[in-house]
Amino acid sequence: RENGGNQDIKNLTRGARIFLPVFVEGGKLSAGDLHFSQGDGEITFCGAIEMGGYLDLGVDLIKGGMQTYGVTTNPVFFPGNVEPRYSEFLTFVGISVDEDGRQHYLDSHLAYQRACLNAIEYLTKFGYSPEQ
């Protein structure tokens, strides 16, 4: 889903922070499908190792956050501290949904393009032009 569903990111783990766009007033949040091991994204076709688990999840609603932080189409992630250089990363997601809202099956080119556009949009919040 464009708003954060099925995020198969190996460093989305203990201590990670995720900023999800909210499109519906009063919308709900759910989480599940925990993996013991998973590559980054469905494109790896590695077959995740499923597991039971417990989530200790804190949630804050940031009013106007979508516009303030440029999280207008897809989530933005800060990985958890299990990654040795976790403080150096910020992850942008792109999914294969075009500007008209049409979903394209396993279109890695479109997903990459959307991730780049999400990163560009985020950086403009800090004074950069899209070209920079």
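Quick note: the coordinates plus some simple rules give every number you see, no bench work behind them. No experiment lies behind these values; they were computed from the predicted model shown. A quick note on method: Cβ atoms are made from the backbone with ideal geometry, for glycine too, and the neighbour counts reach across all protein chains shown.
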- Query: Anyone know which of T91, T68, T13 comes out most mobile in the 10 Å Cα GNM of the chain?
  - Reply: T68
- Message: What lysines does K63 reach when the alpha-carbon gap must be under 19 Å and sequence neighbours fewer than 8 apart in one chain are set aside?
- Response: K28, K125
- Query: With each pseudo-label sitting 7 Å past Cα toward Cβ, what's the F23-L61 distance in nm, one decimal?
  - Reply: 1.9 nm
- Query: Most mobile of V97, V24, V59 per a Gaussian network model of the chain (Cα springs, under 10 Å)?
  - Reply: V24
- Treat every Asp and Glu Cβ in the stretch 17-124 as -1 and every Lys and Arg Cβ as +1, leave all other atoms uncharged, and give the resulting dipole magnitude about the Cα centre to the nearest 20 debye. 220 debye
- Task: Arrange the peptides 105-111, 73-79 so that the one whose residues have, on average, the most other Cβ atoms within 10 Å appears first.
- Result: 73-79, 105-111
- Task: Identify the GluC sites (Glu not before Pro) of the stretch 82-126 meeting these criteria: DSSP loop state and at most 11 other C-beta atoms within 10 Å of the C-beta.
- Result: E99
- Item | For the stretch 62-69, Karplus couplings with θ = phi - 60° (6.51, -1.76, 1.60), whole Hz, Gly/Pro x | 9, 4, x, x, 4, 7, 4, 9
- Message: Which residues does the label zone of H35 cover in the stretch 48-65, counting backbone N under 18 Å from a point 7 Å along Cα→Cβ?
- Response: 48-55
- Item | Candidates I120, I62, I49, ranked by Gaussian network fluctuation over the chain, Cα under 10 Å, top entry | I49
- Query: Which of (1) 11, 39, 39, 11, 0; (2) 12, 37, 34, 15, 3; (3) 13, 41, 27, 14, 5, 1 is the computed P(r) over Cα pairs in 10 Å bins from 0, in percent for the structure on display?
  - Reply: (1)
